[in-house]
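> One structure, as structure tokens, below. Some questions next.
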Amino acid sequence: MNEVIDLKVLNNYLVWIKFSDNEEKVVDLKPFIGKGFTKNLLKSENFNEVFVEPGGGIAWPNGFDLCPNFLRELQDERHMA
């Protein structure tokens, strides 16, 4: 399984992600936050607390997480016109 090994928060809920096979992509996470317990992630100070969890996915202190396989399938926003 591929794992996230590094990430960097960009503007507008975009996150640069590097995977263990050295693939890099920029993903838009805005569609996945804003309702229920993810509502607090709309505040940039909370969103910016994202980290790589031991299983290779990404997570926030509130418990919301996204697995690396899901992240791998997301559109790379750098290639959008």
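> Per DSSP H run of n ≥ 4, the term is -39500 (n - 2.57); total these for the chain, divide by its residue number, and report the mean residue ellipticity at 222 nm rounded to 500 deg cm²/dmol.
Details: 2 runs with 10 residues, N = 81.
Helix-only estimate at 222 nm: -2500 deg cm²/dmol.
> Moving to a separate point now. Check cross-link reach from LYS8 to the lysines: straight Cα distance under 20 Å, and skip same-chain residues fewer than eight apart.
Counting by Cα, and skipping residues close in sequence, LYS8 has these lysines nearby: LYS18, LYS25, LYS30, LYS43.
> Which value, in debye to the nearest 20, gives the size of the charge dipole of the chain about its Cα centre, when Lys and Arg are +1 and Asp and Glu are -1 at the Cβ?
Details: 9 positive and 13 negative charges, 75 e Å.
Dipole of the chain, to the nearest 20 debye: 360 debye.
> Here's something else I'd like to know. ASP65 versus ASP28, label points 7 Å from Cα toward the beta carbon: distance in nm?
The answer from the label model is 2.7 nm.
> Normalised by the number of residues in the chain, what is the relative contact order in percent for Cα pairs under 8 Å and 6+ residues apart? Please report the intermediate quantities before stating the final value.
Working: 121 pairs, mean separation 22.2, N = 81.
Relative CO of the chain lands at 27 percent.
> When the expected Rg is taken as 2.2 N^0.38 Å, what fraction or multiple of it is the alpha-carbon Rg of the chain? Intermediate results must be reported in sequence, preceding the final value.
Numbers: Rg = 11.9 Å, N = 81, 2.2 N^0.38 = 11.7 Å.
It is 1.02.
We did not get these values from a lab; they are worked out from the coordinates using the rules stated. On a predicted model such as this, the values are computed, not experimentally measured, just so you know. Counting neighbours? That spans all protein chains shown, and the Cβs are built from the backbone with ideal geometry, glycine included.
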